[in-house]
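The values are calculated or read from the model by the stated rules, or taken from the named source; none is laboratory data. Small disclaimer: the values here were computed from a predicted structure and weren't measured. FYI the Cβ positions are ideal-geometry reconstructions off the backbone, even for glycines, and counts take in every protein chain you see.
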Amino acid sequence: MSGAFTVPLLPCRSIDETAEFYRMLGFRMTYRQTRPNPYIVVARDDWQLHFFGVDQLDPETTYGTCLVFVPDTGKLWDEFAAGMREVHGKVLVAGTPRVTRPRKRANTGNRAGFSLTDPSGNVIRIFPQQEDTAEPEAPQSKLGKVLERAIVFGEAKGDTAQAVKLLDSTLARAGAEAPKPELLDALVYRAELALRLGDNAKAADLLRRVEEADLAEGERDPAASALATAADLAKLL
C-alpha cells in the first residue's frame with residue numbers, strides 16, 4: 001500500500017529526561033501525555049520518535065533501537081555535537097548518553113554511519129540515505145584492516161570486548177608498521193573503547209601517544225578526524 005510509513009516506538013525511564021535530551025539535539029516535543037501511561041513524541045525536520053515510559057528501565061540492558069536514514073550524516077553529527085557542547089561543554093562520547101562519530105563500516109555498504117545512545121539506552125543508528133558509490137580506499141596496513149573489523153564489532157554488534165581484543169593484539173604486533181593516519185585512527189578508537197569500559201588510565205595513555213605523534217605535512221589532513229575525536233575524548237578525562 002503506497003503512502004504507508006512506520007514510526008519508532010521506544011521505551012524510556014523518564015519522559016521529561018528524554019524530552020530534555022532530545023531538545024538539546026534540536027528536536028521539539030510535539031506531544032506529551034502522563035496518564036494513563038507516560039508518552040511523548042519528539043520531532044526534528046521530517047522525522048519523529050515516540051517514547052513510552054517504563055518503570056525500572058535499565059539503560060544498560062535495554063534493546064531499544066531503530067534505524068534513521070538522513071541525507072548527510074556529517075552535517076547532522078555536527079549539529080548534535082554543537083548542541084552537546086552548548087549544554088555540557090563537550091561532546092558526549094562515552095558513558096550513557098553518548099554519540100559516536102560517523103565511521104564507514106564494512107558491513108553497511110560503505111555508509112558512514114554513527115550511533116546515538118540516549119539516557120535510557122536506546123540506540124538510534126543513523127546512516128546516509130545513499131550508499132557511497134565511490135570505491136572505498138583500502139587500508140594500507142594490517143592494522144587498518146583490523147580496525148575495520150573492530151569497528152563492526154564495537155559499533156554494529158556492540159561487542160566492545162572483542163573490538164578491544166582485536167585492536168590490542170594488532171597494535172602490539174603491527175602498529176609500528178602502519179601509516180601514521182591509520183595508527184592514529186586505531187589509537188583513538190581504542191581510547192574511545194577504553195572510556196566506554198571506564199578505563200580512564202588506558203584512555204589517557206592512548207591519547208598521549210596520539211598527542212605526541214610526529215606528523216608530516218601530508219599526514220595532517222588524513223589524520224584530522226582522529227585528532228578532532230581525540231580532543232573530544234581528552235575533555236572526558
Quick check: is even one residue across segment 44-63 at pLDDT 90 or above, basic (K, R) and surrounded by fewer than 16 Cβ atoms within 10 Å (Cβ to Cβ)? no
Out of (1) surrounded by fewer than 16 Cβ atoms within 10 Å (Cβ to Cβ); (2) over 20 Å from the mean Cα position of the chain (by Cα); (3) more than 23 Å from D78 (Cα to Cα), what's the single condition that is false for K165? (2)
(1) closer than 25 Å to T229 by Cβ; (2) surrounded by 20 or more Cβ atoms within 10 Å (Cβ to Cβ); (3) of a type outside the set (S, T, Y) all hold for A112 apart from (2)
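Residue-by-condition table, conditions (1) touching a residue at least 40 places away in the same chain (Cβ under 8 Å); (2) among the charged types (D, E, K, R):
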| position | (1), (2) |
| --- | --- |
| A204 | no, no |
| R208 | no, yes |
| E211 | no, yes |
| K235 | yes, yes |
Pick from segment 217-227 the residues that are touching a residue at least 40 places away in the same chain (Cβ under 8 Å) and in a helix (DSSP H, G or I): which of them is surrounded by the most Cβ atoms within 10 Å (Cβ to Cβ)? A226
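Does L9 meet the test of being closer than 19 Å to T62 by Cα, in contact (Cβ under 8 Å) with a residue 24 or more places away in the chain and not basic (K, R)? It would help to see each step written out before you state the result.
Working: closer than 19 Å to T62 by Cα: yes; in contact (Cβ under 8 Å) with a residue 24 or more places away in the chain: yes; not basic (K, R): yes.
It is true that L9 is closer than 19 Å to T62 by Cα, in contact (Cβ under 8 Å) with a residue 24 or more places away in the chain and not basic (K, R).
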Restricting the search to segment 10-30, which residues are of a type in the set (S, T, N, Q) and touching a Pro at 6+ places or on another chain (Cβ under 8 Å)? S14, T18
Taking segment 1-59 and keeping residues in contact with a Phe, Trp or Tyr (Cβ under 6 Å, 6 or more places away or on another chain), closer than 17 Å to T117 by Cβ and β-branched (V, I, T) leaves T18, V42
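Given the options E182, E212, name the one that is farther than 20 Å from R103 by Cβ, at pLDDT below 95 and of a type in the set (D, E). Break it down stepwise before answering.
Working: E182 fails: farther than 20 Å from R103 by Cβ.
Selected residue: E212, the only one of E182, E212 that is farther than 20 Å from R103 by Cβ, at pLDDT below 95 and of a type in the set (D, E).
In this structure, does Y22 turn out to be among the hydroxyl-bearing types (S, T, Y) and either surrounded by 15 or more Cβ atoms within 10 Å (Cβ to Cβ) or under 30 Å from G144 (Cβ atoms) (or both)?
Numbers: among the hydroxyl-bearing types (S, T, Y): yes; either surrounded by 15 or more Cβ atoms within 10 Å (Cβ to Cβ) or under 30 Å from G144 (Cβ atoms) (or both): yes.
Here the answer is yes, as Y22 does meet what is asked.
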Of everything in segment 87-111, what is under 27 Å from L237 (Cβ atoms) and either at pLDDT 95 or above or aliphatic (A, V, I, L, M) (or both)? Give them in sequence order. V87, V91, L92, V93, A94, V99
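For every residue, the table says whether it meets (1) crowded, with 19+ Cβ neighbours inside 10 Å; (2) in a loop (DSSP other than H, G, I, E, B).
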{"site": "F153", "(1), (2)": "yes, no"}
{"site": "E192", "(1), (2)": "yes, no"}
{"site": "D205", "(1), (2)": "no, no"}
{"site": "L215", "(1), (2)": "no, yes"}
Here is a check on your reading of the model: is S120 within 23 Å of G26 (Cβ to Cβ), surrounded by 15 or more Cβ atoms within 10 Å (Cβ to Cβ) and at pLDDT 85 or above? yes
